[in-house]
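Since the structure comes first, as structure tokens, the remarks are kept for the end.
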Amino acid sequence: MKCLGLMSGTSVDGVDCAIVQVSGSGQNLRIKLLGHQISPYRPSLRRRILLATEGGMVADLCHLNVLVGEIFAQAALRTIRRLGFSPKNITLIGSHGQTICHQPRPIREPGVGLIRSSLQIGDPSVIAERTGITTIADFRARDLAAGGEGAPLTPYVHYLMFRNRDRSRLIVNLGGIANVTYLPADGTLEEVLAFDTGPCNMLLDALVHHATEGKLVMDREGRLARRGTSLPRFLSGLMNHSFLRRKPPKSTGREEFGGAFAAQVFQDAKKQNMSTQDLLATSCEFIALTIAKARRWLPGEVDEVLVGGGGVRNRTFMKHLAQALYPIPMRTMAELGIDSKAFEALAFAVLAYQTFHRIEANLPAVTGARYPVVLGTMVPGRSSPRPLSH
């Protein structure tokens, strides 16, 4: 099958779209990335989504759910055309959607019990209607219903693509949130361990936004951080965050490390008269150390680190990460022939393939679910796409 994956992460920068050829069954899949495209959000839409994550009104969420579905559908059709396909060539779309709220820590409700929840917008019915392609979405919901945290889900695909008979590998994803996946040498799917380690690009981007009063949205290639010095005292304060001491399974998002957290970090730095460069350098080292120190939860040694995600482009951060992980050798996914920016979209194309074939694809040891489940909700496609009439 040719499957298309759609993903927008906690950085809320746009829609990653990947077309993937998948064949085989169970854990023995052949996966080939056919192409990838990024469709950035308009700045005004990005602001609206970020406002919604910080406490949007119900009417705003209702509207954005459909609007983001339209944006995802447009991104899918644009990518299909650019790569020389037609919608009829694509069997399935797997859409993660845009996370608005992720609450994996349970809340007890009288007469019901413990409730965990996660909300992704981007209505799959809209995507299926506009593209004509069967669309699978709401991947986190079934794992949550089975007692898990609903995340992370990509470690299943890490195992399919990166397991190695002779070397144990740590896969590091540098998105808005950083997470790790441990693949023991010659290990089974049941031996995979994965969890979120803390903030990543979301923190760095927010600090740049604060420091430049919105003139910059990111520290491109880590140029500002490269001119700064990491300050040990401030770094020590950041490392005291309670999430870093929490044992896996664990996942997190903007609720813990979003706007309020970044604003507090920026204000604390301002009180200490830190320069923007020093603040970013210190934050880069902070994120690198949260990843390196997460090895305390691993059951074995790491022979090799593979790094993917948008943070790979931040050269200053990558330097800090290599130092924090030394002497473990570190490579990027690109060195193995996988565009790291495409990986998460690719992963949801693969997860959609497994859902279509009724294959359980969550990892209970990773998410905390009581048992494996088939992920996602399926919306059947149409014989031909139907555009929105104007």
Q.
I'd like to verify a number: residues in segment 29-62 that are open to solvent by 90 Å² or more (accessible area, probe 1.4 Å), assigned to a strand (DSSP E or B) and in contact (Cβ under 8 Å) with a residue 12 or more places away in the chain, how many?
A. 2
Q: Need at least 1 residues that are within 30 Å of residue 266 (Cβ to Cβ) and basic (Lys, Arg) per element, so show me which helices (runs of 4 or more DSSP H) inside segment 283-390 make the cut, counting only ones lying wholly within it.
A: 315-325
Q. Which one is nearest to residue 288 (Cα to Cα), of the residues in segment 229-269 that are touching a residue at least 40 places away in the same chain (Cβ under 8 Å) and hydroxyl-bearing (Ser, Thr, Tyr)?
A. 230
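Out of the residues in segment 295-318 meeting the condition of being hydrophobic (A, V, I, L, M, F, W, C) and within 22 Å of residue 184 (Cβ to Cβ), tell me which one is most open to solvent (accessible area, probe 1.4 Å). First the steps, then the outcome.
Quick first cut of segment 295-318, residues hydrophobic (A, V, I, L, M, F, W, C) only: 297-298, 302, 305-307, 312, 317-318.
Okay, now just the ones that are also within 22 Å of residue 184 (Cβ to Cβ), so 297-298, 302, 305-307.
Details: 297: 58, 298: 23, 302: 20, 305: 0, 306: 1, 307: 0 Å².
Looking at residues that are hydrophobic (A, V, I, L, M, F, W, C) and within 22 Å of residue 184 (Cβ to Cβ), I get 297.
Pull up segment 245-277, narrow it to residues that are under 23 Å from the mean Cα position of the chain (by Cα) and aliphatic (A, V, I, L, M), then point me to the one that is farthest from residue 12 (Cα to Cα).
Narrowing segment 245-277 to residues under 23 Å from the mean Cα position of the chain (by Cα): 245-263, 265.
Filter once more, so that each one left must be aliphatic (A, V, I, L, M): 260, 262-263, 265.
Working: 260: 16, 262: 15, 263: 17, 265: 20 Å.
Among those that are under 23 Å from the mean Cα position of the chain (by Cα) and aliphatic (A, V, I, L, M), it is 265.
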Q) Can you tell me which residue in segment 106-128 is nearest to the chain's Cα centre (by Cα), limited to those that are surrounded by fewer than 21 Cβ atoms within 10 Å (Cβ to Cβ) and outside any strand (DSSP E or B)? A) 125
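Of all residues in segment 342-367, which are surrounded by fewer than 21 Cβ atoms within 10 Å (Cβ to Cβ) and either touching a residue at least 60 places away in the same chain (Cβ under 8 Å) or touching a strand residue (DSSP E or B) at 6+ places or on another chain (Cβ under 9 Å) (or both)?
356, 357, 359, 364, 365
Just to be sure before I move on: is residue 228 out of contact with any His (no Cβ under 6 Å at 6 or more places or on another chain), open to solvent by 10 Å² or more (accessible area, probe 1.4 Å) and within 30 Å of residue 117 (Cβ to Cβ) in the structure I sent? Walk me through it before giving the result.
Details: out of contact with any His (no Cβ under 6 Å at 6 or more places or on another chain): yes; open to solvent by 10 Å² or more (accessible area, probe 1.4 Å): yes; within 30 Å of residue 117 (Cβ to Cβ): no.
Answer is no for this residue.
Pick from segment 63-85 the residues that are over 14 Å from residue 20 (Cα atoms) and more than 23 Å from the chain's Cα centre (by Cα): which of them is least open to solvent (accessible area, probe 1.4 Å)? If you could, list the steps in order and put the result at the bottom.
Initial filter on segment 63-85 (over 14 Å from residue 20 (Cα atoms)): 63-75, 77-78, 81-82.
Cutting the leftovers down to more than 23 Å from the chain's Cα centre (by Cα) gives us 63, 81-82.
Working: 63: 103, 81: 155, 82: 132 Å².
Only one residue fits best here, namely 63.
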Q: Residue by residue through segment 143-171, note down the ones that are within 18 Å of the chain's Cα centre (by Cα) and part of a helix (DSSP H, G or I).
A: 143, 144, 155, 156, 157, 158, 159, 160, 161, 162
Q. Does residue 329 count as touching a Ser or Thr at 6+ places or on another chain (Cβ under 6 Å), surrounded by fewer than 18 Cβ atoms within 10 Å (Cβ to Cβ) and modelled with pLDDT of 95 or more?
A. no
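Just the residues that are more than 18 Å from the chain's Cα centre (by Cα) and either open to solvent by 20 Å² or more (accessible area, probe 1.4 Å) or not hydroxyl-bearing (Ser, Thr, Tyr) (or both), please, taken from segment 278-294.
Going through segment 278-294, the residues more than 18 Å from the chain's Cα centre (by Cα) turn out to be 278-286, 289, 292-293.
Those that are more than 18 Å from the chain's Cα centre (by Cα) and either open to solvent by 20 Å² or more (accessible area, probe 1.4 Å) or not hydroxyl-bearing (Ser, Thr, Tyr) (or both): 278, 279, 280, 281, 284, 285, 286, 289, 292, 293.
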Q) Among the residues of segment 131-139, is any in a loop (DSSP other than H, G, I, E, B), within 26 Å of residue 205 (Cα to Cα), in contact (Cβ under 8 Å) with a residue 12 or more places away in the chain and touching a strand residue (DSSP E or B) at 6+ places or on another chain (Cβ under 8 Å)? A) no
**Q.** Qualifying positions in segment 152-183 - out of contact with any strand residue (DSSP E or B) (no Cβ under 7 Å at 6 or more places or on another chain), open to solvent by less than 10 Å² (accessible area, probe 1.4 Å) and not β-branched (Val, Ile, Thr)
**A.** 156, 176
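Based on this model, can you work out whether residue 77 counts as part of a helix (DSSP H, G or I) and farther than 13 Å from residue 122 by Cα?
On the way: part of a helix (DSSP H, G or I): yes; farther than 13 Å from residue 122 by Cα: yes.
So residue 77 passes the test.
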Q | Sole residue being small (Gly, Ala, Ser) and touching an Asp or Glu at 6+ places or on another chain (Cβ under 6 Å), chosen from 168, 117 | A | 168
Q: Output the number of the condition that residue 248 fails; it satisfies all remaining conditions of (1) open to solvent by less than 80 Å² (accessible area, probe 1.4 Å); (2) part of a helix (DSSP H, G or I).
A: (2)
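The values are calculated or read from the model by the stated rules, or taken from the named source; none is laboratory data. Quick caveat: nothing in here was measured; it's all calculated off a predicted structure. Here Cβ is always computed from backbone atoms with ideal geometry, including for glycine, and neighbour counts include all displayed protein chains. For the accessible areas, the whole protein counts, side chains as well, though only heavy atoms, and no ligand, DNA or RNA atoms are used. Shrake-Rupley method; radii C 1.70, N 1.55, O 1.52, S 1.80 Å.
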